[in-house]
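In what follows, a structure is listed as structure tokens, so that the remarks can point back to it.
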Amino acid sequence: MATTTVAATSRPDLSREDRTQLLIAELMEGGREDDQTCRDLDLVTSLLNEDFELTKANKDTPSICGVIDADCLDTILGHMDMRQPENVRAHATLTAAAYLKAAGEEGHKALSAFFFDRVRRGTYDDYIVAFCVASLIFPIAPELTSELFLSPGFLATLGPLMSRKWKSRKVETACLEMLNAACTYPQCREAVEKYCIDWLEEVVDQDPNEVTRALDSDTSISLEDGSVSMRRHSLRVQIMAGVVLAKIKAIPSKPSSNEDVPRIQTASSSIEDLAGIFALFQLDVEHDESNKAKQHSIEGLAYATLRSSVKEQVSQNGALLKNLVQSLNDAPPKSPTTYGILSIFVNLTRYQPNLTEEEEKISQLKAYANAKGKESLERDPLNDDTHVSARCVRVFEAGITPVLVTHSKNGSVASLSLVISIIHSLSVTPTLRGRLAQQGAVKLLLAAWSALPETEALPRRTAAQALARILISIDPSLIFGGNRAIPVTSAVRPLLAILSPDESADTRDLLPCFESLMALTNLASLQNSEIQSIIIRTAWQQIEDLLLSSNRHVCKAAVELICNLVPYPEGMVLYADGTPQARQRLHILVALADAEDPGTRSAAGGALAGLTAHENVVKALLQRDRGIQIVLKMCADESDDLRHRAAVILLNVVTAAEPVGKQGRDKVKAEGGVGVLTEAAKKSRRAEVVEVVLEVLKVLLDGPQ
């Protein structure tokens, strides 16, 4: 059979239409190997994609869709049946997508006719195929499938179908797969809540020991052999119904105009109840359908953990967290299970965004417009930083970091973004940063930043910020020192990338910039001139601009970075080459030595202590109005650290080469330096400070030796 197909479709004398018909004829035959079916479906897909391009380029080109009649389409869509192998279903879905793209409006009509024809027939087999096709087509053509799904009367028929005492597990499963796919779209989700929530609740609330003993009074139903069971709803069906309910409850619909009108309902399962069901199933799986049901329970938890109460419930269940970590470890890359578990951990660890004053006011206005009371204006206390930090610690203690490191190596862009988001949240807690580094988070973030395409700007910035946080709190020599595999220079580019504002954001968040400056300062403390050289060459202008930031934390961090850069030749020359630009830089640094913030004064003093070792810097300092006054003011500060730095600056000034040294000594004396230094010597408690102060006094009183 395989030989016939290949020969037929590769012959140059056959038209595209003939090849399409031959392939579909092959697909109609039974008893074929799955691999051959997949290959034939792929060939049809290729012909349809080619057809789309040809007809788009030339509208007069006849389309092969004309030979795909209702029977042919039925054959293609029939391979999307849940009773087909998963690989066949996947290939058939791609073929259906190619057909809808190539056939356009006529394809939409054909799909609609197929769907309603199957539903009208009303047999279990037809229901299964129709529901399976709808569930797989939803992501491909959401508008078309939503139109079919929301057609008048369709959803209302599902309740009686699912409530029959004779149960078709496959019908139930196919129906719930369709509802699950539909609930991704708000309008469909609202309709499911309106028409289906009662029987969904009944399925979830079913007594596990209940066995249906009575026949359905509807004896007109055709009972296909093997497809109908008198037993209760299957475990997988219950879990899937719970997932649909979780989507409805986790993402509330807009209140309807008649929401105050009471209606008779079954007891409602809360989102916390559903999460409990999913959690118990994860912890105790002893059923034949465990693999599929487990995947659905993970999806349910992913939606349920959007609620803060469920986040607390799940995070405080240590056994469940470890089970999820192990399941993530065992899951193959790029699988739905991997994505689902990563989504759970993203929800558990996500911090609420910090709003500016303007954003807070807009949020309040929206709350007043949408809510009935002021209580909705209050932030959820279970989502405050304290609760989120505690959840992050629990997730970390469950051993997630090494598993994330493993998954980051082979994951998709989407899953890698989730991994980065989790590490980013964990890195907020300072006590976790060292252990994150020990468990491979730094290497993970560096590799992720490099691997992600530049179009993925947000996850790249997130990775860089998480890297910055970790590098702030650890000794970088422990990660990059010696003969380690990670070159320290690889960390510089990601950190420099977040010095600039996020162009896609409405408001500038200075926190990434501040954390980047702190991390760069830590890296610049290493005895590695290559790091300082890279920072100065690629980001000096940005750093200088940040010195003038109105945010004192950013300004201080920028000065501290400069303090670590200027001892090296490329940093020193920027202040000591005698140019107007160098004098202007020094002018700014001296002004910052007189700032209100003690940290900024200390960092500026440290930079000046190093720079004044050069004669040109001393000369420029003496030429600046109030330059020596500001240094003497530092010398009178209450901080021993600041007095020490000021004394070193003054020592450099008074011992500079002549005639600059003579000018310096005269200037310091004229500004009352002897008295200030005498008082500084009396106040200082550290021997090294007193030693330098006395040395300056000796030079002032006795002259240089």
Fill in: Enumeration of residues in the stretch 433-487 that are of a type in the set (Asp, Glu), closer than 26 Å to Ala558 by Cα and under 16 Å from the mean Cα position of the chain (by Cα)
none
Practice prompt. Tell me the helices (runs of 4 or more DSSP H) entirely within the stretch 491-601 that contain at least 2 residues that are within 30 Å of Glu456 (Cβ to Cβ).
Written response: 492-497, 511-524, 529-547, 552-565
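Identify, from the list Ala595, Ala607, the residue that is closer than 24 Å to Ser550 by Cβ, among the aliphatic types (A, V, I, L, M) and buried (at least 23 other Cβ atoms within 10 Å of the Cβ).
Details: Ala595 fails: buried (at least 23 other Cβ atoms within 10 Å of the Cβ).
Checking each option against the conditions leaves just Ala607.
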Response to the item:
Of those in the stretch 125-169 that are closer than 16 Å to Ile197 by Cα and of a type in the set (A, V, I, L, M), the residue surrounded by the fewest Cβ atoms within 10 Å (Cβ to Cβ) is Ala156
Worksheet entry | Flag for Tyr339 being outside any helix (DSSP H, G or I), of a type outside the set (S, T, N, Q) and modelled with pLDDT of 90 or more | no
Worksheet, complete the sentence: Restricting the stretch 388-444 to residues that are of a type in the set (Lys, Arg) and more than 21 Å from Pro512 (Cβ to Cβ), the one surrounded by the most Cβ atoms within 10 Å (Cβ to Cβ) turns out to be Arg391
Discussion item. Testing Ala636 on (1) more than 18 Å from Ser602 (Cα to Cα); (2) of a type in the set (A, V, I, L, M, F, W, C); (3) at pLDDT below 90, one condition comes back false. Which one is that?
Written reply: (1)
Item to complete: Could you tell me which of the residues Ile422, Ile470, Ile474 is touching a residue at least 40 places away in the same chain (Cβ under 8 Å), in a loop (DSSP other than H, G, I, E, B), touching a helix residue (DSSP H, G or I) at 6+ places or on another chain (Cβ under 9 Å) and not hydroxyl-bearing (Ser, Thr, Tyr)?
Response: Ile474
Item to complete: Would you be able to tell me the number of residues in the stretch 299-331 that are basic (Lys, Arg) and in a helix (DSSP H, G or I)?
Response: 2
Fill in: Breaking point among (1) modelled with pLDDT under 90; (2) surrounded by 16 or more Cβ atoms within 10 Å (Cβ to Cβ), for Lys59
(2)
Practice prompt. Of all residues in the stretch 608-635, count the ones that are in a loop (DSSP other than H, G, I, E, B) and farther than 16 Å from Val654 by Cβ.
Written response: 3
Discussion item. Suppose the filter is outside any helix (DSSP H, G or I), under 58 Å from the mean Cα position of the chain (by Cα) and on the phi < 0 side of the Ramachandran plot; does Ala656 pass it?
Written reply: yes
Item to complete: Mind listing whichever residues of the stretch 566-591 are within 25 Å of Asp637 (Cα to Cα) and within 38 Å of the chain's Cα centre (by Cα)?
Response: Val566
Practice prompt. Being modelled with pLDDT under 90 and at negative phi narrows it down to one of Asp666, Asp641, Asp702, so name that one.
Written response: Asp702
Fill in: One residue from Thr600, Thr507 being more than 21 Å from Lys619 (Cβ to Cβ), exposed (fewer than 15 other Cβ atoms within 10 Å of the Cβ) and in contact (Cβ under 8 Å) with a residue 40 or more places away in the chain
Thr507
Discussion item. Would you confirm, using the coordinates I've provided, whether Leu517 is closer than 19 Å to Ala604 by Cα and either small (Gly, Ala, Ser) or surrounded by 21 or more Cβ atoms within 10 Å (Cβ to Cβ) (or both)?
Written reply: yes
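Right, Lys334: of a type in the set (Lys, Arg), outside any helix (DSSP H, G or I) and at pLDDT below 95 or not? Break it down stepwise before answering.
Values: of a type in the set (Lys, Arg): yes; outside any helix (DSSP H, G or I): yes; at pLDDT below 95: yes.
Yes.
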Worksheet item: What is the number of the single condition among (1) more than 22 Å from Pro567 (Cα to Cα); (2) crowded, with 23+ Cβ neighbours inside 10 Å; (3) in contact with a Ser or Thr (Cβ under 8 Å, 6 or more places away or on another chain) that Pro704 does not meet?
Response: (2)
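Against the definition (in a helix (DSSP H, G or I) and either in contact with a Leu (Cβ under 8 Å, 6 or more places away or on another chain) or more than 15 Å from Val618 (Cβ to Cβ) (or both)), how does Gly675 come out, yes or no? Even if it seems obvious, please write down each step before you answer.
Numbers: in a helix (DSSP H, G or I): yes; either in contact with a Leu (Cβ under 8 Å, 6 or more places away or on another chain) or more than 15 Å from Val618 (Cβ to Cβ) (or both): yes.
Yes.
Going through Ser151, Ser146 one at a time, which residue ends up being under 30 Å from Pro336 (Cβ atoms), assigned to a loop (DSSP other than H, G, I, E, B) and small (Gly, Ala, Ser)?
On the way: Ser146 fails: assigned to a loop (DSSP other than H, G, I, E, B).
Criteria check complete, one pass: Ser151.
Given the criterion surrounded by 22 or more Cβ atoms within 10 Å (Cβ to Cβ) and farther than 22 Å from Val573 by Cβ, identify the matching residue among Val674, Val653, Val617, Val689. Outline the logic, then answer.
Values: Val674 fails: surrounded by 22 or more Cβ atoms within 10 Å (Cβ to Cβ); Val653 fails: farther than 22 Å from Val573 by Cβ; Val617 fails: farther than 22 Å from Val573 by Cβ.
Of the residues listed, the single one that is surrounded by 22 or more Cβ atoms within 10 Å (Cβ to Cβ) and farther than 22 Å from Val573 by Cβ is Val689.
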Practice prompt. Output the number of the condition that His587 fails; it satisfies all remaining conditions of (1) crowded, with 23+ Cβ neighbours inside 10 Å; (2) touching a Lys or Arg at 6+ places or on another chain (Cβ under 8 Å).
Written response: (1)
Item to complete: Could you please tell me which pairs satisfy a Cβ distance under 6 Å, a separation of 6+ or placement on different chains, a first residue in the stretch 611-629 that is touching a residue at least 24 places away in the same chain (Cβ under 8 Å), and a second residue that is acidic (Asp, Glu)?
Response: Ile628/Glu671; Gln629/Glu671
Worksheet entry | Failed item in (1) part of a helix (DSSP H, G or I); (2) at pLDDT below 90; (3) among the basic types (Lys, Arg), with Arg189 passing the rest | (2)
Practice prompt. Within the stretch 234-280, count every residue that is at pLDDT below 50 and either in contact with a strand residue (DSSP E or B) (Cβ under 7 Å, 6 or more places away or on another chain) or among the hydroxyl-bearing types (Ser, Thr, Tyr) (or both).
Written response: 3
Discussion item. I need every pair where a residue in the stretch 293-305 that is among the acidic types (Asp, Glu) has its Cβ under 7 Å from the Cβ of a residue that is part of a helix (DSSP H, G or I), sequence separation at least 6 or different chains.
Written reply: Glu299/Val243; Glu299/Gly340
Practice prompt. Being surrounded by 13 or more Cβ atoms within 10 Å (Cβ to Cβ) and either basic (Lys, Arg) or not in a helix (DSSP H, G or I) (or both) is the filter; apply it to the stretch 281-294 and report the residue that is modelled with the highest pLDDT.
Written response: Lys294
Practice prompt. Taking Lys662 as meeting all but one of (1) under 15 Å from Leu608 (Cβ atoms); (2) in a helix (DSSP H, G or I); (3) not acidic (Asp, Glu), write down the number of the exception.
Written response: (1)
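The values are calculated or read from the model by the stated rules, or taken from the named source; none is laboratory data. Note that the structure is a prediction, hence the values are computed from the model and not measured. No Cβ is skipped: glycine too gets one built from the backbone with ideal geometry, and neighbour counts run over all protein chains shown.
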